[in-house]
């Protein structure tokens, strides 16, 4: 567990999330009408009523250092997250829950309970990355983040016959995904408005019959963060009850607003 402080404020804090990957895209992409909608190919795998419950081993490297972590994780698309850090010895000292409306964080050793919007800015106070909640949940649940207003073009990649899909907006970020014909995602790269790579993700080690990669790697292009997440004890439940994502404030906790 680690905490960084600067000017009296908690800075990039505790956590993980995500991993190494990618770089070059091989093969030209051409417009084609013979491929199905990539989103439709992925959609049957995990729906919004599916909940992922798992233990995760995380290996996080930042400019501040290297942090091996373990966590209990609950995910539900599009933007529901609960995370509990699991120390080697002792009781958990970091709890996070997030919904489209609110993020809550409980740090028992400090007696502090944080409440605020699940914005990228608020999440970056505790997580090592400025990803918004939906992007984070989609990546950790084995998919790619949405790109509003994007035009999709797709074609066969020269890399192993996989399907490559380019998603571009008139202005703003773009992204490219690579997927198997079965619909399993293998790589994802996000680009900024200037066309430069921002970060990349690789999805590996699929369990037969389960459309969820057991290993997810993410890396920022500027090398300020790389992380590896490996799932174990994975269970996928079907439920529309989201109460587990509302972390209750313990009696006597000091409640602090993030906004």
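How big is the Rg/Rh ratio for segment 88-194, C-alpha atoms only, Rh by Kirkwood, two decimals? When Rh is taken as the Kirkwood radius, the ratio is 1.10.
When peptides 134-142, 58-66 are ranked by their average number of other Cβ atoms within 10 Å per residue, the highest-first order is 134-142, 58-66. With semi-axes defined as the square roots of five times the eigenvalues of the C-alpha gyration tensor, the equivalent ellipsoid of segment 149-239 measures 25, 18, 13 Å, largest first. Remark: the Cα gyration tensor places segment 187-259 in the oblate category, a/c being 1.5 or greater and a/b not exceeding b/c. Mean separation of Cα pairs under 8 Å and 6 or more residues apart, divided by the residue count, gives segment 76-181 a relative contact order of 17 percent.
The numbers here are math on the coordinates, done by the rules we state, and not lab data. Here the structure is a predicted model, which means the values were calculated and not measured. Note that each Cβ is placed from the backbone with ideal geometry, even for glycine, and that neighbours are counted across all protein chains shown.
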